[in-house]
Amino acid sequence: MDDQGCPRCKTTKYRNPSLKLMVNVCGHTLCESCVDMLFVRGSGNCVQCDTPLRKSNFRVQLFEDPTVDKEVEIRKKVLKIYNKRDFDFSSLREYNDYLEQVEEIVYNLTNNIEVERTKQIMEAYQRENRDVIQKNKAKLTREQEELEELLLLEQQDNEQRRLETLQEEQRQLQAKRKNKQALLDELERSHVPATILLAQHKDRATQLENQIEKQKQVVKTTIFSTGIPMGQTVLLQPVARIAEVLYSYKPIEINTYGPPVPELEQLGRLGYLNHVRAAQPQDMAGGYTSGLACHRAIQDAFSGLFPPLG
Amino acid sequence: MFYNSSQKKCWTFENEDTLEKLRYEANQKYRNKMLASGKPTVNSLFLDAHEEDVLFRHYEKRLLDFCNAFKPVMPKSVVGTAIMYFRRFYLNNSLMEYHPRTIMLTCAYLSCKVDEFNVSSTQFVGNLVQENASGQERALEQILEYELLLIQQLNFHLVVHNPYRPMEGLLIDLKTRYPLLENPESLRKSADDFLTRASLTDIGLLFPPSQIAMTAIMNSASRAGLSMESYLTECLGLKDNKETLSKMYDAMRRIKSLMKRYELPKPDEVNACKVKLERIHAEFCTNTNIIITLMGHLGREF
């Protein structure tokens with residue numbers, strides 16, 4: 001979970017994985033209980049770097065490395081000021097330069113390099129581009145609103161669909177129940193024999209089911225989930241054919257240094273099995289046959305019998 | 001099968017001189033090691049090749065007796081494998097370095113495992129009837145200690161092809177395809193004896209097991225006065241292949257001559273060599289304490 005413990009109470013982090021770490025503006029971590037303890041005593045200084053702190057400045061850590069969290073905070077603040085977009089610039093080059101500027105500022109602030117100068121730059125920029133900043137802020141908020149509306153719509157759609165399916169099921173259940181009830185009534189009242197009634201009833205039940213099936217298939221899908229519309233032919237590059245030599249099977253040749261051994265299947269025909277003890281039923285149950293022992297003995301007898309030539 | 005086995009590739013040698021050279025080299029290696037270790041030694045203290053051979057044959061016979069007296073009855077292939085392990089081990093190691101009694105028991109133990117002759121370790125040492133329970137336990141400890149060494153010195157080649165199954169195969173073939181011989185079963189007993197005696201010689205390290213089996217059967221047939229020449233020419237298809245035929249006869253002659261040369265060592269020779277062996281082990285080997293107590297225990301037996 002966490003490879004570093006809380007720098008103050010070191011032990012608690014390992015023993016209690018549910019304990020959360022909090023990060024402050026100077027980028028150092030403290031577990032929840034240590035934060036509380038620190039502010040109970042009234043002192044508000046970070047343990048490692050002695051910067052004066054406020055309790056509100058502590059945020060729950062999202063990332064494992066507290067420096068990342070610190071950078072995320074700084075980035076948020078910087079981007080509130082430097083919020084120009086790509087269409088605000090006349091050329092790609094200028095946009096990239098602008099982005100690089102922003103990165104440099106964030107980097108400086110995160111690693112405490114030339115903090116003063118960076119802050120001055122930021123303030124100067126803010127003053128010059130105040131209206132642009134405002135306009136972009138407005139645009140941003142508008143976009144966010146649109147996104148939220150879309151989300152809301154989707155959710156509503158889902159809800160509706162759910163309700164509809166529920167209602168459908170209810171209706172079907174009711175229809176079935178009515179059917180059964182009608183059958184019972186008819187059995188009671190009518191004079192037609194029971195078998196015919198049952199057959200009629202079954203017909204009606206199957207008809208109902210078919211109707212239900214058809215209704216379910218009404219919803220047709222027109223696009224795949226990835227966005228490609230159905231029925232579109234996708235052009236792919238043809239696979240290059242690699243011509244290679246075909247593999248042809250050559251059986252392995254084994255030199256047993258002896259006379260040839262008859263095959264296992266031939267042993268019975270050749271009369272070998274008459275001279276071997278016959279297999280009992282309890283042996284055959286396990287898959288043993290007398291041919292196996294005979295074949296093994298013959299193989300062993302003939303293997304290596306002839307001295308190697310030369 | 002034998003033709004692609006490790007036995008054929010690594011443990012079948014050309015002639016007896018190769019084997020002698022290997023044993024001589026093992027002996028020399030041990031001598032040099034002991035001389036280099038700095039302990040005060042005299043060259044005459046070491047066993048020479050002949051004495052080692054005497055002891056080797058003696059312990060081999062004891063191994064065979066141990067396996068034959070084993071309860072439950074050990075199949076022949078297990079016995080054959082044990083003897084082959086013993087022989088292969090002392091091809092590359094000297095008797096002075098590892099005492100043959102322990103190695104002998106370890107060979108039997110390993111052979112039971114490899115050949116799937118299921119004997120528990122307690123049951124195994126229970127067959128050492130001369131000892132009490134604690135002696136048996138100590139023996140077991142030693143066996144387990146030496147087991148890995150044995151496997152290593154065998155170069156991890158644990159499958160041994162014994163000539164017993166080829167003999168069965170040849171008998172089946174004779175019965176099926178060679179009606180000239182009326183009762184091949186009569187050959188079985190003497191062929192069996194032949195094979196057991198062959199396992200006590202170097203034959204297993206020089207010839208393929210099927211050739212040894214063939215020699216056994218031909219030998220017992222000629223002893224019974226029956227002729228089997230036409231079997232080789234007709235049934236095995238060697239009628240036109242004169243070269244192979246002559247080579248086979250040659251091999252069979254060699255096997256028979258090797259068999260004749262074997263003899264059991266004389267007891268006084270054995271005892272003299274044994275005294276020397278014990279002294280060497282007492283002086284040079286570090287973990288012989290257990291062996292010595294055991295030997296003292298059974299001084300009368302071994």
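Within the range A:245-299, being exposed (fewer than 10 other Cβ atoms within 10 Å of the Cβ) and more than 23 Å from B:Ser5 (Cβ to Cβ) holds for A:Val245, A:Leu246, A:Tyr247, A:Ser248, A:Tyr249, A:Lys250, A:Glu265, A:Pro281, A:Gln282, A:Ala285, A:Gly286, A:Gly287.
Residues that are of a type in the set (Lys, Arg), more than 23 Å from the chain's Cα centre (by Cα) and modelled with pLDDT of 80 or more number at least 1 in the following helices (runs of 4 or more DSSP H) confined to the range B:206-302: B:209-223, B:242-261, B:267-284. Only one residue in A:Val78, A:Val102, A:Val35 is surrounded by 14 or more Cβ atoms within 10 Å (Cβ to Cβ), in a helix (DSSP H, G or I) and in the same structural domain as A:Leu19 (by the TED database). Which one? Criteria check complete, one pass: A:Val35. Selection of first residues in the range B:157-175 that are more than 7 Å from chain A (Cβ to nearest Cβ) and in contact (Cβ under 8 Å) with a residue 40 or more places away in the chain and of second residues that are surrounded by fewer than 24 Cβ atoms within 10 Å (Cβ to Cβ) and not in a helix (DSSP H, G or I), restricted to Cβ pairs under 7 Å at least 6 apart or on distinct chains, gives the following pairs, ordered by first then second residue: B:His157/B:Trp11; B:Val159/B:Ser5; B:His161/B:Ser5; B:Leu174/B:Leu181.
Just wondering, is there one or more residues in the range B:196-203 that are over 27 Å from B:Leu19 (Cβ atoms) and among the small types (Gly, Ala, Ser)? Scanning the range B:196-203, I find no residue that is over 27 Å from B:Leu19 (Cβ atoms) and among the small types (Gly, Ala, Ser), so the answer is no. Of the helices (runs of 4 or more DSSP H) entirely within the range B:1-86, those holding at least 2 residues that are of a type in the set (D, E, K, R) and within 14 Å of chain A (Cβ to nearest Cβ) occupy B:6-10. Taking first residues from the range A:261-278 that are modelled with pLDDT of 85 or more and partners that are aromatic (Phe, Trp, Tyr), the Cβ contacts under 7 Å between residues at least 6 apart in sequence or on separate chains come to A:Val261/A:Phe302.
Name the single residue that is surrounded by the most Cβ atoms within 10 Å (Cβ to Cβ) among those in the range B:29-62 being aliphatic (A, V, I, L, M) and in contact (Cβ under 8 Å) with a residue 60 or more places away in the chain.
Among those that are aliphatic (A, V, I, L, M) and in contact (Cβ under 8 Å) with a residue 60 or more places away in the chain, it is B:Leu55.
The residues of the range A:38-75 that are in contact (Cβ under 8 Å) with a residue 24 or more places away in the chain and part of a strand (DSSP E or B), listed by number, are A:Arg59, A:Val60.
Across the range A:248-291, the number of residues qualifying as of a type in the set (Lys, Arg) and over 53 Å from the mean Cα position of the chain (by Cα) comes to 2. Can you confirm whether B:Asp202 is among the acidic types (Asp, Glu) and more than 14 Å from chain A (Cβ to nearest Cβ)? Considered against the rule, which asks whether it is among the acidic types (Asp, Glu) and more than 14 Å from chain A (Cβ to nearest Cβ), B:Asp202 comes out as yes. Restricted to the range A:292-310, and to residues there that are within 7 Å of another protein chain (Cβ to nearest Cβ) and of a type in the set (A, V, I, L, M), the residue that is farthest from the chain's Cα centre (by Cα) is A:Leu309. Does B:Phe194 qualify as being under 17 Å from the mean Cα position of the chain (by Cα), not in a helix (DSSP H, G or I) and not assigned by the TED database to the domain that holds B:Arg87? Answer is no for this residue.
The values are calculated or read from the model by the stated rules, or taken from the named source; none is laboratory data. Keep in mind the model is a prediction, meaning the values are calculated, not measured. A quick note on method: Cβ atoms are made from the backbone with ideal geometry, for glycine too, and the neighbour counts reach across all protein chains shown.
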